[in-house]
Amino acid sequence: MEELVKSLGEIVSRLEPLLSQSPPPQESPPTPPLLAVKLKSVSVTKYSPLWSERFQFFSAVKLDSQATCVNVLPFRGYEGVSKYVAVGDDRGKVYVFLRNGDVLAEFDTTVDSPVTAIVSYLAMYKNESVLVTGHHNGEISRHKIVERTTNGVDDYTSLETVAVGGKFEGDRGNLAVTVLEVHHVGRSRYILSSDGGGTIRVYKEGGKFHGSVKPSSRPLAFLKQRLMFLTETGAGSLDLRSMKIRESECEGLNHSLVRNYVFDVTERSKAYGFTSGGDLIHVLLLGDVSNFKCRVRSKRKMDIDEDETLAMNAIKGYLLIVSQHNVYVYNVSSHHYVRMVGPRLIFSAGLDEIKSSFLSHQTGVESSGVPLIASDREKLVVVGLGDGYVGMYRSSLPVFKGEFNTMTWMSPVLIFILFLFGAWQFFAKKKEALTSWGPDDPFVGTTNATSSSSAGNSAPALETSSRNSGGIMDLRTGAGEGMRGATRRYASPPRYSGGAGTTSGSFRPSAVDAGNASRPSSVEPSGYRSSPSELKYRASHMEPPGFPKRRENLFANNQVVDDGN
C-alpha cells in the first residue's frame, strides 16, 4: 500500500508542471435560441400548389428523344376543348397524342432534320386536318391526318396519316424555319414561313411556291387573317399580288430588339413581347395593310436573364411564358392593368416542381431541352418540361369580361349593324316624304253668290266637275264596289231662276235632300262658289306632320245647283 501511494504521488508531481504550462481552455459563446432552432431543420425543397390549383392535370408523355416543337390540332371534343396534340422531335418525327396521353399516330416526316415549327388547319372535310412542319435545314413538308370513329359499345377514335412527306417547292435556303402561319383568302389558303435570316416565303396550299421577300428586320409573329406581322424592330405588311412589303418602326421601343412576340387572343391588335434588354412589353398594332402603326403601350422589367431562351403563348385573359427553369403566368384580362402597368404577374412555378406532381423520383441532373408551350387559345395548355417530358393541362383560371370601353369599335359586325340602322332611317324618312307629298282633293267651303247671273254661269262648271269627280271615284272603287263601298249619288234640285233683284245666293235643299237623313250635317254645303277660280282653294293640313293621311272627297258625285223654284 505504501508503494502504491508513493507511485501515485510521483505521477501527480509529474503532471503538475504540464498543467501549468498548457493555456487555459477558451469557453465557447452561448448559442442564441433562434439560431439553434434554424440549425436543427434545413429546407431542401419548396413546393408551391399554385400551378396544380389553377391548371388541371390531364396527362404527361415521355419521348425517347428531345421534344423540339408542339402544336394543338384543330379537332375539338364535345366540351369544346381540343383533343389531339402533335409533338415534333430532334429526329424529324412527329407524334400525335390524345388528350389523355394515348399515342394515336407516329410518323416520319421524311426529312432528316429536327422539327422547328408546326402549323395545322382543317381541310375540306371536318375529319381531316393538314399538318405542315418546318425543319432546321429549311425544308417544309405537308401531311394529312384523318380522324376515324368506330361506332360500337364504346366509341373508339383513331387517327390515320393519309399523305406523308409532301415537300414544298422553291428555293428553301439552309436556315431553320422559325415561323409558320396559314392565311385564308376565300377558299384558298397560303402558307407563310419565315426563317432565321428573316426571309418570308409564301406557298400555295398544295406546296407550290408563290413568292418570297426579305424585310429589313426578321419577322417574329404574323397576325391571323391579316397580312401584317411584327418584327424585331417594328411592324410590316405584305401584299400577296405584288409580293411587296411595307415596314414601320415601333414607337417607344428605343432601338432595342425584340426576341419573342405573341398576339392576344381576344384583341387581335394587341401583342406581348420580350426584348433583348429583359423587358416585357405590351404593343398595339393598329390600322390595316396599307396604313398601320405600331406603338409600345407599356414596358416592365422581368427577373429573367437576357440571354435565356423563352417561349410565349396566350390563352383567354392570360399570358404564359416558359423559360429553361420556370413558368410565368400573367393576367391581361383586366383593362385596368393593361392600361396602367401592363400585364400583371400572378405567380410562377418551377418546371421541376410541376414534374414532381406526376414523378415520384427525380434525378438531381439539370433538365435539358428547349422551352416549349402551346395552347388551343382557350383552355388546353401543353408545356414542355424538359428531358423529353410533355405535360397537358386544362386551365381553370377565371376569365374576366372586358369593360365597355374595350369594345373594338371598328369591328366588322358593329360596322354592319350601324349600316343597317342608317339604311333603315334613310328609307323610313324617304317613305314618309313620299306619302306626305301628293294632291289633296279640294275642300268645298261655303261662299256667298253675288248675283243670279254668276250662279247661272257657274252651274255647268259644277256639273262638269261633279261628273269628273264621279269618274275618279268609279276608277278608285272599281266597278261601283270597292274598299270604300258603293258610290253615293244625290238627286239634284231644279235650277233656281231668280230675278235680277235677288241679293242672296243661298240655296235650299230639295225634298229629296231633305228626306235623305243619312247625309251628315257637318258636310252640308251652305252655298256655292261664285267663280271657277275659287275651286282651286286648298285647305290647310289638319293632321299632325308625323302621320300624313290622304283625304278623299266624301260626296264626289253630288251636284250642287241653284234652287230655281
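Per-structure values
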item	result
Residue in the stretch 67-78 that is at pLDDT below 85, surrounded by 10 or more Cβ atoms within 10 Å (Cβ to Cβ), farther than 25 Å from ALA311 by Cα and not hydroxyl-bearing (Ser, Thr, Tyr) present	yes
Condition met for ASP102 (at pLDDT below 90, under 26 Å from GLY206 (Cβ atoms), surrounded by fewer than 21 Cβ atoms within 10 Å (Cβ to Cβ) and of a type in the set (D, E, K, R))	no
Condition met for ARG226 (in contact (Cβ under 8 Å) with a residue 40 or more places away in the chain and either assigned to a loop (DSSP other than H, G, I, E, B) or within 18 Å of PHE263 (Cβ to Cβ) (or both))	yes
Residue ID - farthest from VAL72 (Cα to Cα), chosen from residues in the stretch 292-316 that are modelled with pLDDT of 90 or more and not in a strand (DSSP E or B)	LEU310
The one condition in (1) closer than 28 Å to ALA67 by Cα; (2) outside any strand (DSSP E or B) that VAL289 fails to fulfil	(1)
Qualifying residues in the stretch 203-244 (those that are surrounded by fewer than 22 Cβ atoms within 10 Å (Cβ to Cβ) and of a type in the set (Val, Ile, Thr)) - the one nearest to the chain's Cα centre (by Cα)	THR233
Test: residue in the stretch 134-144 that is under 23 Å from LEU223 (Cβ atoms), out of contact with any Phe, Trp or Tyr (no Cβ under 8 Å at 6 or more places or on another chain), crowded, with 18+ Cβ neighbours inside 10 Å and of a type outside the set (S, T, N, Q)	yes
Filter pass, THR133 being within 20 Å of ARG172 (Cα to Cα) and under 29 Å from the mean Cα position of the chain (by Cα)	yes
Lone qualifier among VAL115, VAL119, VAL81, VAL87 - being touching a Leu at 6+ places or on another chain (Cβ under 9 Å) and closer than 19 Å to LEU385 by Cβ	VAL87
Residues of the stretch 162-192 classified as polar (S, T, N, Q), surrounded by fewer than 16 Cβ atoms within 10 Å (Cβ to Cβ) and either within 14 Å of VAL132 (Cα to Cα) or in contact (Cβ under 8 Å) with a residue 24 or more places away in the chain (or both), total	1
Unmet criterion (only one of (1) in contact with a strand residue (DSSP E or B) (Cβ under 8 Å, 6 or more places away or on another chain); (2) part of a loop (DSSP other than H, G, I, E, B); (3) over 25 Å from ILE281 (Cα atoms)) for SER242	(1)
Residue identified as crowded, with 20+ Cβ neighbours inside 10 Å, modelled with pLDDT of 90 or more and among the hydroxyl-bearing types (Ser, Thr, Tyr) among SER129, SER113	SER129
Unique residue being exposed (fewer than 10 other Cβ atoms within 10 Å of the Cβ), modelled with pLDDT of 50 or more and within 57 Å of the chain's Cα centre (by Cα) when the list is LYS83, LYS46, LYS62	LYS46
Neighbours by Cβ (under 6 Å, 6+ apart or cross-chain): first from the stretch 240-252, at positive phi; second surrounded by 14 or more Cβ atoms within 10 Å (Cβ to Cβ) and part of a strand (DSSP E or B)	MET243/GLY211; MET243/VAL213; GLY252/VAL296
Residue that is nearest to ALA176 (Cα to Cα) [pool: residues in the stretch 108-135 that are touching a Gly at 6+ places or on another chain (Cβ under 8 Å) and of a type in the set (Ser, Thr, Tyr)]	THR116
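Table: residues versus (1) free of Cβ contacts under 8 Å to residues at least 40 places away in the same chain; (2) in a strand (DSSP E or B); (3) polar (S, T, N, Q).
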site	(1), (2), (3)
VAL85	no, yes, no
GLY88	no, yes, no
PHE97	no, yes, no
GLU106	yes, yes, no
ASP112	yes, no, no
ALA117	no, yes, no
VAL132	no, yes, no
GLY138	no, no, no
HIS143	no, yes, no
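The values are calculated or read from the model by the stated rules, or taken from the named source; none is laboratory data. Keep in mind it's a predicted model, so treat the numbers as computed, not measured. Cβ sites come from the backbone with ideal geometry, for glycine too, and all protein chains shown count toward neighbours.
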